[in-house]
Amino acid sequence: MKPEPSRPKAPQPVEWNYRADIITTCNCDWGCPCNFDAPPTYGHCSGGWALKIHDGHHQGVKLNGLHLAYMAMWPKAIHEGGGTAKLFIDAAASTEQRRALEQILKGNLGGSPWPLFARTIDHWLETSFVDFEWKSNGANSAYKAGDSVRAALEPIRNPVTGEDVPAKIILPNALTCHELNVTSTRTFSVFSDGMKFAAPGRNAWFGSAEHGATVR
């Protein structure tokens, strides 16, 4: 008897997911050694991620069109822990959307990448729900999260000629984004209760992200 052909596995139901534009900024030098499992440039890490969600959901709750920012400070490299983090979530989000995004970002709903970062956070500051301004413009992209977070990118420039220097990093196994378009920060600052830092002229990148989790 011929064995019956194996049936394709049914796709696993999705707990949550989204597709988004992502901007990352930090206090490291351009390119950020943390991307290559090296220590941060100045021995500590202050920075974070901001996302503009194109489409997404948590079970029946749609997340389309919402913005968020995840800012954090670590005394050493991220994986060494001891971090303090604060979430900024779009004020336009409904109660259900706010709850979903907060649970996703704090790593409580599994998946990738947020549970991995949550393990490095010792102290969560109170989440803020704020208005966002977002400008997608390549190496000149920018965003604001309320009055607390401001980030504006600019191209890396050759110190001799002043010409723009495009740069790209491909990381097939990266957590947050696989193709990083590297820039500099023109401005980057976080001023909120329990979290204050600024890093102009330091590392930044923008790209596209797709994160999620299947039902456990």
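Summary of values
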{"read-out": "Scope segment 57-86; condition in contact with a Lys or Arg (Cβ under 7 Å, 6 or more places away or on another chain) and of a type in the set (A, V, I, L, M, F, W, C); matching residues", "value": "Met71"}
{"read-out": "Pairs, first part of a strand (DSSP E or B) in segment 185-200, second of a type in the set (A, V, I, L, M, F, W, C) and surrounded by fewer than 18 Cβ atoms within 10 Å (Cβ to Cβ), C-beta under 7 Å, six or more apart", "value": "Phe188/Ala198; Ser189/Ala198; Val190/Phe197; Met195/Leu125"}
{"read-out": "Any chance Asp122 is closer than 23 Å to Ala204 by Cα and either of a type in the set (Ser, Thr, Tyr) or in contact (Cβ under 8 Å) with a residue 40 or more places away in the chain (or both)", "value": "no"}
{"read-out": "Only listed residue being without any contact (Cβ under 8 Å) to a residue 60 or more places away in the chain and either surrounded by 17 or more Cβ atoms within 10 Å (Cβ to Cβ) or closer than 22 Å to Glu179 by Cβ (or both), chosen from Pro33, Pro39", "value": "Pro33"}
{"read-out": "Top-ranked residue of segment 46-83 - restricted to ones that are part of a loop (DSSP other than H, G, I, E, B), out of contact with any Leu (no Cβ under 9 Å at 6 or more places or on another chain) and not small (Gly, Ala, Ser), ranked as nearest to Gln103 (Cα to Cα)", "value": "Gln59"}
{"read-out": "Qualifying residue in segment 132-155 (condition: over 22 Å from His67 (Cα atoms) and either within 15 Å of the chain's Cα centre (by Cα) or of a type outside the set (A, V, I, L, M, F, W, C) (or both))", "value": "yes"}
{"read-out": "Contacts under 8 angstrom Cβ, first residue in segment 102-116 being surrounded by 15 or more Cβ atoms within 10 Å (Cβ to Cβ), partner of a type in the set (Lys, Arg) and not in a helix (DSSP H, G or I), 6 or more apart", "value": "Gly107/Arg119; Gly110/Arg216; Trp114/Lys106"}
{"read-out": "Given (1) farther than 16 Å from Ile121 by Cβ; (2) surrounded by fewer than 22 Cβ atoms within 10 Å (Cβ to Cβ); (3) in contact with a strand residue (DSSP E or B) (Cβ under 8 Å, 6 or more places away or on another chain), index of the condition Gly56 fails", "value": "(2)"}
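For every residue, the table says whether it meets (1) modelled with pLDDT of 95 or more; (2) among the aliphatic types (A, V, I, L, M); (3) part of a loop (DSSP other than H, G, I, E, B).
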position	(1), (2), (3)
Leu109	yes, yes, yes
Leu116	yes, yes, no
Phe129	yes, no, no
Ala139	yes, yes, no
Ala152	yes, yes, no
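The values are calculated or read from the model by the stated rules, or taken from the named source; none is laboratory data. Computed from a prediction, not measured in an experiment: that's the story for all the values here. Glycine gets a Cβ as well: all are built from the backbone with ideal geometry, and neighbour counts include every protein chain shown.
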